[in-house]
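Some notes on the structure that comes next.
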Amino acid sequence: MHRLILSMLIVAAPATAAPDVARLLSGSVSGKPAHCIRRQEIHGQTIVDRSTIIFERGGGRYYRNDVGPNCAALRPDRALITRDLAFGFCEGDLFEVFEPLSRINYGACTFGAFVPYQRSGK
């Protein structure tokens, strides 16, 4: 039996410039994509652009998620709202995109596979 957890809000700090994926993952080695990740592993997230979110796991470990197609609302100055099962986030799960200051909801998108990255030497 699955238990639905109330909305979990992951807020992205407004950015002055879009972060660079290459810089964020510099010196990291990718691993085998995962279908799901545990919510408890995630320490933060960065919306890079309309197609990429980086989830921070701590200790130089990250997950890169290339979201499903047609997520034009996703931008670095916006945030995510997820409604997830107790486990965490899975490929194909929906998330909503909203603007924190105005509280405008821009619609829903889906997560892609979660590709793990770890800094080399860790």
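I'd like to check something: does region 98-105 contain any residue that is surrounded by 14 or more Cβ atoms within 10 Å (Cβ to Cβ), among the hydroxyl-bearing types (Ser, Thr, Tyr), more than 10 Å from the chain's Cα centre (by Cα) and over 13 Å from residue 24 (Cα atoms)?
no
Please work out which residue is farthest from the chain's Cα centre (by Cα), limiting yourself to region 80-97 and to residues that are in a strand (DSSP E or B), surrounded by fewer than 18 Cβ atoms within 10 Å (Cβ to Cβ) and in contact (Cβ under 8 Å) with a residue 60 or more places away in the chain.
Among those residues, the one meeting the criterion is 85.
Where the second residue is part of a loop (DSSP other than H, G, I, E, B) and the first is under 13 Å from residue 117 (Cα atoms) and lies in region 28-42, which pairs have Cβ atoms under 6 Å and are six or more apart or on separate chains?
Hits for this filter: 29/120; 33/113.
Within region 24-53, work out how many residues are surrounded by 12 or more Cβ atoms within 10 Å (Cβ to Cβ), part of a loop (DSSP other than H, G, I, E, B) and of a type in the set (S, T, N, Q).
1
Among the residues of region 71-122 satisfying the criterion of being over 17 Å from residue 32 (Cα atoms) and of a type in the set (Ser, Thr, Tyr), which is modelled with the lowest pLDDT?
Only one residue tops the list, namely 82.
Could you grab me the full set of residues in region 9-37 that are among the hydrophobic types (A, V, I, L, M, F, W, C), in contact with an Asp or Glu (Cβ under 9 Å, 6 or more places away or on another chain) and modelled with pLDDT of 90 or more?
If the condition is that a residue be among the hydrophobic types (A, V, I, L, M, F, W, C), in contact with an Asp or Glu (Cβ under 9 Å, 6 or more places away or on another chain) and modelled with pLDDT of 90 or more, then 34, 36 are the ones that fit.
Name the single residue that is surrounded by the fewest Cβ atoms within 10 Å (Cβ to Cβ) among those in region 106-120 being part of a loop (DSSP other than H, G, I, E, B) and free of Cβ contacts under 8 Å to residues at least 60 places away in the same chain.
If we take residues in region 106-120 being part of a loop (DSSP other than H, G, I, E, B) and free of Cβ contacts under 8 Å to residues at least 60 places away in the same chain, then 112 is surrounded by the fewest Cβ atoms within 10 Å (Cβ to Cβ).
If a residue must be among the polar types (S, T, N, Q) and within 14 Å of the chain's Cα centre (by Cα), how many such residues does region 20-70 contain?
Step one: list which residues in region 20-70 are among the polar types (S, T, N, Q), which gives 26, 28, 30, 40, 45-46, 51-52, 65, 70.
Checking which are within 14 Å of the chain's Cα centre (by Cα) leaves us with 40, 45-46, 51-52, 65.
Qualifying residue count for the region: 6.
Restricting attention to region 54-70, and to residues there that are within 17 Å of residue 112 (Cα to Cα) and modelled with pLDDT under 90, which single residue is surrounded by the most Cβ atoms within 10 Å (Cβ to Cβ)?
68
The values are calculated or read from the model by the stated rules, or taken from the named source; none is laboratory data. Computed from a predicted model, the values in this text were never measured in an experiment. Here Cβ is always computed from backbone atoms with ideal geometry, including for glycine, and neighbour counts include all displayed protein chains.
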